[in-house]
Amino acid sequence: NSGVMSLLRPLLLDVVPTIQQTAALALGRLANYNDDLAEAVVKGDILPQLLCSLSEQNRFYKKAAAFVLRAVGKHSPQLAQAVVQCGALEMLVICLEDFDPGVKEAASWALGYIARHNSELSQAVVDAGAVPLLVLCIQEPEIALKRIAASTLSDISKHSPELAQTVVDAGAIAHLAQMILNPDAKLKRQVLSALSQIAKHSVDLAELVVEAEIFPVVLTCLKDSDEYVKKNGATLIREIAKHTPELSQLIVNAGGVAAVIDCIGSCRGTVRLPGIMMLGYVAAHSENLSMAVIVSKGIPPLCACLIEEHEDHIKAAAAWALGQVGRHTPEHARAVAVANVLPTLLAMYMDTRSSEDLQMKASIFTKKALKNILQKCTYLPALEPLLHDAPPNIMKHIVGQFSKVLPHDSKARRLFVTTGGLKKVQEIKAEPGSLLQEYINTINNCYPEEIVR
């Protein structure tokens, strides 16, 4: 408000180097504060002045200048675009070749903040020639530089298969994979994130990541004391598992499913989410892979997530995963039903139907999971308690299963009468001619008229 910006601008060209650096630092801190001030830096024509003599300046000025560019570019795609338009990318890429690791780090950080907004800006960073230099930076001895360079590669890779391919072509995967065992937790977080962002796009990219021999090494990350290392490790495994049954099988063979199940059991909250999703993807691919999740005792921790977690999206993910495990055959459905999941899912579904938009999604997932399991479940003791509470749209699936099993199973028929199940079926109000009414008729036809009466 006091017009400081316009006073600082001429100081960027002062003859005394320390004054130049301090002025740049002041501008960077102002721009970092919020997007209005960053906008003022752009409108005040400060960026061209900043870059004007960058190449012949000392390392302190280069660091301060890169800090200003990062502070402006981080707020929005529009501001990042303004940084690109003033020719900053070329200067930042030159700084990546600087002798001083601090300058490289500052430049890498600024490039990452520009690339993370969208694929056009990310492409501009690639076109400026940053990727091969960033791959060199992750091989430098300084941990801080490795972290930022890995993070920037992650930001570049995340938008599209083509951008991820550029990072791969520069030889990034092998160097990233070697750092999975680095003792520095923050570096591991970034490395795992970068590998996930590469693997997520396509089968080919996921296979390239796997070929770098990340299994079974990456499984140690699931036991890490750092929550984000755990989460990013599980995310990487999820992004590989989702593509094909073959990749999922490879993870199973490496002991990946058991390791993820342990991980879900040992943590709470959003750290669990990628592991839950990973189990769902693995189970979705085939009967055998789903069985691998069941045999590795994956169902109890997924049930625990339904009960312990308070956030709808985590519960919904657990419901979805259980639906994927149970949807293949009666044997799969029984394994889920025996764990007493169905009443919990039903209660969740009844609870979420009544409320806000976020829960709409949870409700859809829960309903689908219930349907998936019910349509295969022939284990009647697990279905019977649901007859008392289910709403009509779920009821038809439950009654449908009874109508499939009872005609062929005399012991189940006797039990159905003594537990009061048949009585409950008579109380159900069904539209004449509806599918539900047909199911009820099929059940009633299994018994003599007087028992039904």
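Taking residue 271, is it β-branched (Val, Ile, Thr), buried (at least 24 other Cβ atoms within 10 Å of the Cβ) and assigned to a helix (DSSP H, G or I)?
The answer is no for residue 271.
Taking only segment 29-78 into account, find how many residues are in contact with a His (Cβ under 7 Å, 6 or more places away or on another chain), more than 16 Å from residue 6 (Cα to Cα) and crowded, with 19+ Cβ neighbours inside 10 Å.
Matching residues across segment 29-78 total 0.
Within segment 38-81, track down each residue that is closer than 19 Å to residue 155 by Cα and in a helix (DSSP H, G or I).
66, 67, 69, 70, 71, 72, 73, 77, 78, 79, 80, 81
For the list (1) at pLDDT below 90; (2) open to solvent by 10 Å² or more (accessible area, probe 1.4 Å), I need the number of the one condition that residue 352 fails.
Of (1) at pLDDT below 90; (2) open to solvent by 10 Å² or more (accessible area, probe 1.4 Å), only one is false for residue 352: (2).
Need the failing condition index for residue 98 against (1) part of a helix (DSSP H, G or I); (2) open to solvent by less than 50 Å² (accessible area, probe 1.4 Å), just the number.
(1)
Which condition does residue 219 not pass, out of (1) of a type in the set (A, V, I, L, M); (2) surrounded by fewer than 23 Cβ atoms within 10 Å (Cβ to Cβ); (3) not in a helix (DSSP H, G or I), if it passes all the others?
Only one criterion is unmet by residue 219, namely (3).
Residues being in a loop (DSSP other than H, G, I, E, B) and under 17 Å from residue 257 (Cα atoms): count how many of those fall in segment 300-314.
The total comes to 0.
Quickly run through segment 8-24 and pick out the residues that are part of a helix (DSSP H, G or I), closer than 13 Å to residue 46 by Cβ and open to solvent by less than 60 Å² (accessible area, probe 1.4 Å).
8, 20, 23, 24
If the requirement is being modelled with pLDDT under 95, within 15 Å of residue 372 (Cβ to Cβ) and part of a helix (DSSP H, G or I), which of these qualifies: 317, 321?
Just a single option satisfies the conditions, and that option is 317.
Rundown of residues vs (1) at pLDDT 95 or above; (2) open to solvent by 50 Å² or more (accessible area, probe 1.4 Å); (3) touching a helix residue (DSSP H, G or I) at 6+ places or on another chain (Cβ under 8 Å); (4) hydrophobic (A, V, I, L, M, F, W, C), yes/no style:
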| position | (1), (2), (3), (4) |
| --- | --- |
| 198 | yes, no, yes, yes |
| 210 | yes, no, yes, yes |
| 230 | yes, no, yes, no |
| 234 | yes, no, yes, yes |
| 244 | yes, no, yes, no |
| 281 | yes, yes, yes, no |
| 284 | yes, no, yes, yes |
| 295 | yes, yes, no, yes |
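What number of residues within segment 121-147 satisfy the criterion of being open to solvent by 30 Å² or more (accessible area, probe 1.4 Å), assigned to a helix (DSSP H, G or I) and touching a Gly at 6+ places or on another chain (Cβ under 9 Å)?
Selection size over segment 121-147: 2.
Is there a residue in segment 384-394 that is open to solvent by less than 10 Å² (accessible area, probe 1.4 Å), within 13 Å of residue 342 (Cα to Cα) and not in a helix (DSSP H, G or I)?
no
Among all residue pairs at least 6 apart or on different chains, which show Cβ distances below 7 Å where the first residue, located in segment 49-63, is closer than 12 Å to residue 95 by Cα and the second is among the basic types (Lys, Arg) and not in a helix (DSSP H, G or I)?
none
The values are calculated or read from the model by the stated rules, or taken from the named source; none is laboratory data. From a predicted model like this one, the values you see are computed outputs, not experimental measurements. Please note: Cβ atoms are built from the backbone with ideal geometry, for glycine as well, and neighbour counts cover all protein chains shown. For accessibility, only protein heavy atoms count, side chains too; no ligands or nucleic acids. Shrake-Rupley method; radii C 1.70, N 1.55, O 1.52, S 1.80 Å.
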